[in-house]
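The block underneath contains the structure these notes are about, expressed in structure tokens.
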Amino acid sequence: MLQTEGARLFREAWIAGVRQHFPGEPKAGYVTPWEHMPQWEREAAGAVYAQVRQFVEVATTARLSREQKGRFVATCWTAQMFKHFEDPKPGYVADWPDLPAWQQETDADTFEAIEKAIA
């Protein structure tokens, strides 16, 4: 899968997770289609996709819990926020226990969507 296709897969999985897990109506930015995303966010999505893909290719990720999968995505995303922003908003770089449940579930869903796509 090409990097751009992987980044789009990441975004589509994220949007699906938000639509499933977010309580109420999500912020527009959470479900912005790929075509309208800023370039930094596209690059971040591609980088996180690549990290998850590499991990799945070298490890037996089926043995990981959903929480471990979600934590991996969240950690990779946090690294991208520090890469793209000098002083990211605290919510962009919150540690796993501080993330809302909907975001934890969405991160786990995103990992599993990538895992399934490359299996």
**Fill in**
What the Cα atoms of the chain span along the principal axes, largest first and in whole Å, is 33, 29, 27
**Those lysines that a straight Cα-Cα span of less than 23 Å connects to K69, excepting residues fewer than 8 apart in one chain** = K83, K116
**Fill in**
Once normalised by the length of the chain, the mean sequence separation of its alpha carbon contacts under 8 Å that are 6 or more apart gives a contact order in percent of 39 percent
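List the trypsin sites (Lys or Arg not before Pro) within segment 14-119 that DSSP assigns to loop and that have no more than 11 neighbouring Cβ atoms inside 10 Å. Walk me through the numbers before you get to the answer.
Values: sites: R19, K27, R42, R53, R63, R66, K69, R71, K83, K116; in loops: K27.
Passing sites in segment 14-119 are K27.
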**Cross-link partners of K27 among lysines (Cα-Cα below 22 Å; sequence separation of 8 or more within a chain)** = K89
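The numbers here are math on the coordinates, done by the rules we state, and not lab data. Predicted, not measured: the structure shown is a model, and the values here were computed from it. We place every Cβ from the backbone using ideal geometry, glycine too, and count neighbours over all the protein chains shown.
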